[in-house]
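Nothing in this text is a laboratory measurement; each read-out follows from the coordinates by a stated rule. Predicted model, so just to flag it, every value in this text is computed and none were measured. Virtual Cβ from ideal backbone geometry, glycine too; neighbours counted across all protein chains shown.
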Amino acid sequence: MSRRGAFDWGVETFATIASTDNEPLQIANPRFLGQSEATLKAAYQSRDTKKKFSRGWRLANKRVAQLHSKIARQRLDLHHKQSAQMVAGASAIFTEKLQPANMTRRPKPKQDETTGQDLPNGAAAKAGLNKAILDSAPAQFLGILRYKAAEAGVVYAEAPTRSLKPSQRCHACGAVVKKPLRERWHVCPCGASCGRDVNSALVLLAWGLEHVLSVFFAWLWLRNNRSQELAAYRGVQNFPLEP
Ligand SMILES: [Zn+2]
């Protein structure tokens, strides 16, 4: 039996992988993307100091566009490599369904600590940047991963985030303990203690093994041993991994 793995999207990391073979593993965001993003931010700032539609502004705007396509190319390349790595040697991959509302987080309002007055938090600029950089990234990655998994005959399934609550549920005992996003460590009265992302990945792995693979193997067994009876049921020829 080859490796079955589950991964959770990180905030600081690209993904955290739990698998049946290895200790949980974190995949860091590559440094070059961070550098490109810093350059892009600087390019935006440089553009925004110029008079709109002036010659200087147009040149700066062109630079912004070029950097965007460079980052998009780097990211696509990365997504191909990382999904290929995940699929290699795996028999099943689980993750959670994307929540579109969570994909772009607005910067929190900042307040002056002594006066309590609102301070500029760069929300407008940052929202644009977040949108450009993050919007399509997780969906693109999952699209490539799903395709590569299908091609390699690897089971791929996305857990229902709302009912499973991978970030709030304890991987060891199943209890749901709410924790805010800034809480990076999972501690449970049952004694479980691990990183937040590691916990989520373990919850997703347990979900996949219990709710997807058991059904999948039952289906496979039926197909191999009871194919004639199965043929009586239309629509069960293709295992419905994706809702
Ligand atoms: Zn627990």
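Would you be able to tell me the number of residues in region 188-215 that are surrounded by 15 or more Cβ atoms within 10 Å (Cβ to Cβ) and within 13 Å of the ligand (Cβ to nearest atom)?
Result for region 188-215: 7.
Quickly run through region 162-187 and pick out the residues that are among the basic types (K, R) and either more than 14 Å from the ligand (Cβ to nearest atom) or touching a helix residue (DSSP H, G or I) at 6+ places or on another chain (Cβ under 9 Å) (or both).
R162, K165, R169, K179, R182, R184, listed by residue number.
Need the failing condition index for A90 against (1) in contact with a Lys or Arg (Cβ under 9 Å, 6 or more places away or on another chain); (2) over 19 Å from K148 (Cα atoms), just the number.
(2)
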